[in-house]
1. Yes or no: B:S189 surrounded by fewer than 17 Cβ atoms within 10 Å (Cβ to Cβ) and among the hydroxyl-bearing types (S, T, Y)?
2. Hey, among the residues in the stretch A:85-141 that are without any contact (Cβ under 8 Å) to a residue 12 or more places away in the chain and either under 21 Å from A:A184 (Cα atoms) or of a type in the set (F, W, Y) (or both), which one's surrounded by the most Cβ atoms within 10 Å (Cβ to Cβ)?
3. B:H82 fails exactly one of the following numbered conditions: (1) in contact (Cβ under 8 Å) with a residue 60 or more places away in the chain; (2) surrounded by 17 or more Cβ atoms within 10 Å (Cβ to Cβ); (3) more than 22 Å from the chain's Cα centre (by Cα). What is the number of that condition?
4. Specify the residue that is farthest from the other protein chains (Cβ to nearest Cβ); the eligible residues are those in the stretch B:219-235 that are surrounded by fewer than 22 Cβ atoms within 10 Å (Cβ to Cβ) and either within 16 Å of C:G139 (Cα to Cα) or more than 13 Å from the chain's Cα centre (by Cα) (or both).
5. From the set of residues in the stretch C:139-171 that are part of a helix (DSSP H, G or I) and of a type in the set (K, R), which is farthest from B:A273 (Cα to Cα)?
6. For A:T56, are the conditions met, namely being within 22 Å of A:V240 (Cα to Cα), surrounded by 16 or more Cβ atoms within 10 Å (Cβ to Cβ) and in contact with an Asp or Glu (Cβ under 7 Å, 6 or more places away or on another chain)?
7. From the set of residues in the stretch B:37-64 that are without any contact (Cβ under 8 Å) to a residue 40 or more places away in the chain and within 20 Å of B:D249 (Cβ to Cβ), which is nearest to the chain's Cα centre (by Cα)?
8. If you go through the stretch B:104-150, how many residues are under 21 Å from C:G13 (Cα atoms), aliphatic (A, V, I, L, M) and either touching a helix residue (DSSP H, G or I) at 6+ places or on another chain (Cβ under 7 Å) or touching a residue at least 12 places away in the same chain (Cβ under 8 Å) (or both)?
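The values are calculated or read from the model by the stated rules, or taken from the named source; none is laboratory data. Small disclaimer: the values here were computed from a predicted structure and weren't measured. Heads up, the Cβs are rebuilt from the backbone with ideal geometry, glycines too, and the neighbour counts pull from every protein chain shown.
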Amino acid sequence: MTNSATGPLLDVRDLTVTFTRRGGPDTRAVDGVSFQVSPGQTLGLVGESGSGKSVTSLAVMGLLPRRSVSVEGHVYFDGDDLLTLPRDRMRDIRGRDMAMVFQDPMTSLNPVVPIGVQVTEVFERHQDMTGEAARKAAAELLDRVGIPDPGRRLKEYPHQLSGGMRQRALIAMALACRPRVLIADEPTTALDVTIQAQILELLKDLVQDTGAALIMITHDLGVVAGLCDTVHVMYAGRVVESAGRRELFAEPRHPYTGGLLASVPRLDAPRGAPLQPIPGSPTDVLSWPDGCAFAPRCPNRIDACTGAPPPLEAIGGRTLRCVNPLPTAEEVPA
Amino acid sequence: MSLSQVEAATESDQLEPGGANLRRAAWRRLRRDPVALVGFALIAMFVLVAILAPLIAPYGPRDQPGAGLITPTTIPGPSAEHWFGLDEQGRDELSRIIYGARQSLLVGVVAMLLGMAGGLVLGMLAGAFGRWVDTVVMRIVDVMLSIPGLLMAIAIAAVLGQSLTSVMIAIAVINVPIFARLLRGQMLSQRESDYVLAARSLGVRHRSIVLSHVLPNSMSPVIVQATLTLATAIIEAAALSFLGLGGADPSVPEWGRMLASTQLYLASAPHLALFPGLAIVIAALGFTLVGERLREALDPKYRR
Amino acid sequence: MLKFVVRRLLLLGPILLGLSVLLFFWVRALPGGPAVALLGERATPESLARVEQLYGLDQPWYVQYSKFLTRAVQLDFGNSTQTNRPVTEEMARTFPATFELAVAALLLAVAVGIPLGYLAARHYGRWLDNLSVTGSLLGVAIPVFFLAYILKYVFAVRLGWFPTQGRQDPRMDADHPTGLYVLDGILTGNLEASWDAVMHLVLPAFALASIPLAIIVRITRASVLDVVHEDYVRTAEAKGLWERTITRRHVLRNALLPVVTVVGLQAGLLFSGAILTETVFAFDGVGRFVAEAISNRDYAVLQGFILVIAALYVLINLAVDVSYGLIDPRVRVK
């Protein structure tokens with residue numbers, strides 16, 4: 001532990017991921033993303049599909065393929081830059097200090113290996129636990145994530161479990177070594193609505209119990225509202241707005257954030273008020289060097305939006321990448 | 001929406017993923033693929049040699065220009081006069097190989113077409129009617145597939161007697177169940193696809209759906225299989241002929257029989273095994289390369 | 001699981017029955033009719049009359065068929081016109097040689113094909129991959145008997161590394177209690193005889209293995225390429241498992257499922273490939289006997305061998321289906 005308790009546990013700086021293709025143009029999936037998380041804190045990474053949020057998490061975990069992908073920037077964890085760490089050191093960190101829960105529990109578990117083996121292999125790898133001890137620890141773990149009758153479940157195969165149970169099993173595997181950073185990539189998207197809330201509650205409790213830092217990747221602002229301390233909104237590979245949860249929900253400044261909020265059904269909205277979807281689709285983007293990528297869909301667009309990329313600026317406790325932001329409460333004429 | 005509009009809509013590209021559009025794109029990819037181009041070149045060479053045999057062969061297939069040069073211990077190998085050497089009866093090996101291409105191409109194409117036709121009829125019956133027709137057809141197919149292909153071809157050729165026609169029929173028959181199963185599987189999966197359900201829900205008649213949508217969209221894998229079948233048919237024909245089940249007239253050159261008759265001279269005249277063998281490989285490889293690359297070009301799963 | 005096996009066995013019945021019908025009519029379609037076909041063209045009228053009576057050829061076809069079936073079930077296929085001995089006896093004499101050859105070829109194909117296919121996938125797009133893809137295309141395009149000639153000419157005639165033909169040096173003083181010469185040498189303590197038998201096996205086994213090898217390489221490669229992109233492999237990576245564990249437990253265990261099916265199919269086809277290979281190497285097995293039966297119009301032998309080889313083929317496929325059920329838990333439960 002080289003960092004003091006108050007410093008960030010994970011410090012991502014200027015992370016840039018470029019996919020190179022033979023005979024095609026390079027694609028910049030993540031472009032200069034920076035964020036920090038401290039122990040016990042929950043950070044939300046929000047955006048539509050294609051915004052680069054999942055690629056960001058895979059890059060932090062060192063899970064991107066080595067071929068045809070170039071990752072630049074820094075990912076400081078515990079004083080080390082993970083991007084320059086030898087592969088075997090990174091393997092030691094993955095699953096032990098940093099763990100990840102994936103989106104689709106149907107495909108993220110090995111169909112021909114019993115659940116028990118898939119849990120105990122983490123103990124065997126990182127904690128030198130084998131045989132009966134590992135099995136016992138695995139049973140306790142399943143119990144802790146709310147899987148009933150863990151002894152029997154350990155012997156079963158993924159297809160014998162329901163979707164919610166599988167996601168719990170995946171969470172159990174991620175939490176096996178009490179990681180200090182947990183990344184959850186859309187952990188509830190593939191689940192029934194009723195199960196979603198249970199899984200989120202579970203993640204929240206576990207983070208509180210273990211003091212881990214949680215990075216929650218989602219397109220669902222409802223999830224963010226219930227869970228996250230700070231929120232980073234991503235669009236076309238860049239962070240466009242980041243703020244504390246309260247500030248962001250009370251007063252979105254980036255038109256994209258505003259659009260996301262307006263498209264979520266709210267209890268305090270008048271009955272019958274229509275939801276407002278963001279016009280256009282995430283494929284209508286401008287490339288960042290030519291201006292704001294959101295400009296083609298932006299209701300607040302002005303001439304200054306195009307021509308040069310908008311800078312990321314700190315404004316009153318938040319950072320914002322917009323030349324013509326939404327007005328604050330004081331600015332709005334009553 | 002009128003019925004004709006429905007038909008027009010179901011024929012558009014968005015609704016039919018496996019249609020002519022995909023085939024056009026596959027064709028474009030194939031034309032830029034060096035491996036496929038090598039395959040096309042081999043096929044072109046094979047076909048041209050077969051068609052032009054009388055024009056390019058230096059001797060007739062039965063001529064014995066080197067009859068005097070053959071002794072029990074020596075069979076002259078390649079020379080300036082006879083590029084591929086002489087065979088054990090003093091015939092020009094190159095000319096025999098060139099004429100042999102005709103038999104090979106003929107047997108391959110006819111056997112493939114007959115087998116495909118038979119298989120498509122059975123497969124279509126099973127796929128279009130379902131229920132007991134399907135069960136009966138598929139049971140027959142299972143029984144046919146339970147005999148290894150070459151063995152079945154041997155049995156059939158034995159019944160039909162020694163002739164080239166027997167060889168073609170024998171090879172055609174062993175390919176029938178392969179095409180039948182392929183087409184049925186394709187039709188079943190197409191039947192469940194969204195555009196067919198859409199057409200059906202809009203009241204398009206069953207026969208019309210099958211003929212105008214399901215069948216054309218099931219054809220891509222059939223085309224691939226047909227190309228690959230040409231390769232296996234050529235090899236199987238050579239195998240039958242090698243085993244003495246080829247055409248009735250032994251003086252007509254067949255690559256398989258040419259290989260078989262060299263068995264005694266392997267040590268002294270290896271060229272007699274080499275050239276017919278290479279000829280079979282070239283013909284079969286051409287169709288294999290094109291077939292495999294076509295499969296990859298048509299099926300997104302193979303594209304990486 | 002038991003139910004699964006029983007259901008597969010029940011499917012076997014109709015296939016074997018259909019097969020016997022086919023063969024029954026096949027013999028009747030042979031030139032000269034069944035009696036001539038079974039006794040040869042030079043048969044005396046007395047013996048023809050005896051066979052006609054024995055087979056009940058004057059009776060209606062269903063009586064004939066039931067007689068044929070009874071005899072087939074008792075493995076009674078009459079006498080070989082070549083050797084004048086019962087077909088069953090000839091089968092028992094020649095079968096061990098082919099069994100030995102087929103096992104050697106299959107071992108070779110599996111032992112080389114699976115690692116090669118795996119390595120090709122792992123080096124996707126590089127020279128090893130291109131080499132194996134080209135090799136596997138060539139492998140199916142080369143007729144087995146031509147490859148056998150090449151091997152025989154290069155390694156036996158020219159280089160003299162291996163014997164040109166047969167199963168064992170005839171001057172060798174060896175006992176054959178099982179008919180499997182390699183095993184016999186070990187059993188009788190005559191290792192020299194075993195070694196000699198192995199040397200005789202090498203070239204025919206390579207020739208016979210070419211097609212299964214090509215197909216196993218191709219299927220393994222395609223299957224591994226599919227599996228390495230699966231989500232559960234990414235999960236395993238996220239756990240920080242060693243590459244060894246990921247390969248063995250998560251990649252191969254899934255990737256080999258389709259390979260098992262293919263190996264089974266190819267194992268059944270080895271017997272027909274043996275007809276060609278054994279002819280070239282004068283290897284005294286089932287295949288050579290069948291080839292001789294073809295040129296001698298020995299239909300009794302052909303009939304018996306076709307039925308037995310086909311039954312064997314079906315049984316091997318059944319065994320594969322069952323073992324598939326053992327490895328894939330999803331099949332087992334269904």
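1. Judged against the criteria, B:S189 is a match.
2. Only one residue tops the list, namely A:E121.
3. Exception for B:H82: condition (1).
4. Once the filter is applied, the top-ranked residue is B:M219.
5. C:R158
6. No.
7. Filtering first and then ranking leaves B:P54.
8. Going through the stretch B:104-150 one residue at a time, the tally reaches 9.
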